[in-house]
1. Need the failing condition index for MET109 against (1) open to solvent by 60 Å² or more (accessible area, probe 1.4 Å); (2) out of contact with any Lys or Arg (no Cβ under 7 Å at 6 or more places or on another chain); (3) not in a loop (DSSP other than H, G, I, E, B), just the number.
2. Answer yes or no as to whether ALA67 is of a type in the set (Gly, Ala, Ser), open to solvent by less than 20 Å² (accessible area, probe 1.4 Å) and at negative phi.
3. From the list SER238, SER234, pick out the single residue that is surrounded by 15 or more Cβ atoms within 10 Å (Cβ to Cβ) and over 23 Å from LYS158 (Cα atoms).
4. Tell me which residues, restricted to the range 188-215, are within 11 Å of the ligand (Cβ to nearest atom), part of a helix (DSSP H, G or I) and touching a residue at least 60 places away in the same chain (Cβ under 8 Å).
5. Could you tell me which of the residues ALA181, ALA196 is farther than 26 Å from GLU104 by Cβ, in contact with a helix residue (DSSP H, G or I) (Cβ under 7 Å, 6 or more places away or on another chain) and buried (at least 22 other Cβ atoms within 10 Å of the Cβ)?
6. Among (1) in contact with a strand residue (DSSP E or B) (Cβ under 7 Å, 6 or more places away or on another chain); (2) open to solvent by 40 Å² or more (accessible area, probe 1.4 Å); (3) of a type in the set (A, V, I, L, M, F, W, C), which single condition is ILE137 missing?
7. When the residues of the range 144-154 are narrowed to those that are closer than 16 Å to ILE245 by Cα and free of Cβ contacts under 8 Å to residues at least 24 places away in the same chain, which ends up surrounded by the most Cβ atoms within 10 Å (Cβ to Cβ)?
Amino acid sequence: MGQFDGRVAVVTGAGRGIGAATAKKFAAGNAKVAVLDLTEESCQAVVDEICAAGGSAIGMGCNVSRAEEVEEAFAKVADLLGRVDILVNNAGILRDNLLFKMTEDDWDMVMGVHLKGSFLCCRAAQKYMVEQKYGKIVNTSSTSALGNRGQANYSAAKAGLQGFTKTLAIELGPFHINVNAVAPGFIVTDMTKQTAERVGADFEQNQKMAAERIPLRRVGQPEDVANVVAFLASDEASYVSGQVIYINGGSR
Ligand code: NAP
């Protein structure tokens, strides 16, 4: 028995980092989880870990920026697991650069994964959710939505996701579908490690310095985000929709 008994959760970009922690959190609450990432192989470790712990999960290769792959993946989830109750749009990439050095490709890639990817997955998932008259969607924004040097593409995409979330909450609310977003600050994952490496900083040192500026005096872990995502996807949050929850240790 668990909080997500009978529920089917789809988490994109779940092969590692925040997505992996989120998939494991749903599985621990007894949801059947579809672990999506660029390739099926990159999902395997998370699927194996969930199954070894007694949970239920399947892995699927799905590039969220490609409409046909997304449609196919959701049809397969509905076919294999019976429903689509929860969607977490987590897949993400960085292509940081100052504006004058940012290429069109840097812009398109980031928009394609974060914004278009979330749009495509929501569009595919809502078909099942509207029919069920039940659904929970959690999009992944970021504190960068408020502006961050070197991230014109990423911050625009993450700010866009906030408007997207609020609009879907209005459109899908009548079908008992809650749509919210989380906006994490500094979370320890490969993504923040790569950012430190790109600017030639030591990752451990980088975390220490970030922690000193955060009111709660620590950086976040993937589970800090997974816990909030799980709350928003649970029936305990059934009157919460169109909200953006910052998970940043109290930073402004
Ligand atoms: P991560 O460790 O880099 O994980 C991102 C995952 O998304 C990877 O497994 C990646 O696959 C996958 N992915 C990339 N492009 C994809 C695509 N087109 N289709 C499907 N999957 C794709 O990053 P993370 O830190 O866990 O970030 C997860 C989300 O949180 C992202 O949306 C990120 O922007 C957001 N976020 C993170 C932080 C932070 O501090 N870490 C803060 C705010 C927001 P590959 O392994 O093949 O690249």
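The values are calculated or read from the model by the stated rules, or taken from the named source; none is laboratory data. Here the structure is a predicted model, which is why all the values come from computation and not from measurement. Every residue, glycine as well, gets a Cβ built from its backbone with ideal geometry; the counts of neighbours run over all protein chains shown. Surface accessibility is based on the protein's heavy atoms, side chains included, excluding ligands, DNA and RNA. Shrake-Rupley method; radii C 1.70, N 1.55, O 1.52, S 1.80 Å.
1. Failing condition for MET109: (2).
2. Values: of a type in the set (Gly, Ala, Ser): yes; open to solvent by less than 20 Å² (accessible area, probe 1.4 Å): no; at negative phi: yes.
Judged against the criteria, ALA67 is not a match.
3. Numbers: SER238 fails: surrounded by 15 or more Cβ atoms within 10 Å (Cβ to Cβ).
Only one candidate passes the filter, namely SER234.
4. The answer is ASP190, MET191, GLN194, THR195.
5. On the way: ALA196 fails: buried (at least 22 other Cβ atoms within 10 Å of the Cβ).
One residue alone meets the criteria, ALA181.
6. For ILE137, the failing item is (2).
7. Taking the range 144-154 first, the residues closer than 16 Å to ILE245 by Cα are 144-146.
Keeping just the survivors that are free of Cβ contacts under 8 Å to residues at least 24 places away in the same chain gives 144, 146.
Values: SER144: 21, LEU146: 14.
So, considering only residues that are closer than 16 Å to ILE245 by Cα and free of Cβ contacts under 8 Å to residues at least 24 places away in the same chain, the one surrounded by the most Cβ atoms within 10 Å (Cβ to Cβ) is SER144.
Yes or no, residue by residue, for (1) open to solvent by 10 Å² or more (accessible area, probe 1.4 Å); (2) under 20 Å from ASP190 (Cα atoms); (3) free of Cβ contacts under 8 Å to residues at least 12 places away in the same chain; (4) not acidic (Asp, Glu):
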site: ALA14; (1), (2), (3), (4): no, yes, no, yes
site: ILE18; (1), (2), (3), (4): yes, yes, no, yes
site: PHE26; (1), (2), (3), (4): no, no, no, yes
site: ALA31; (1), (2), (3), (4): no, no, no, yes
site: VAL35; (1), (2), (3), (4): no, yes, no, yes
site: LEU38; (1), (2), (3), (4): yes, yes, no, yes
site: SER42; (1), (2), (3), (4): yes, yes, no, yes
site: GLY55; (1), (2), (3), (4): yes, no, no, yes
site: ILE58; (1), (2), (3), (4): yes, no, no, yes
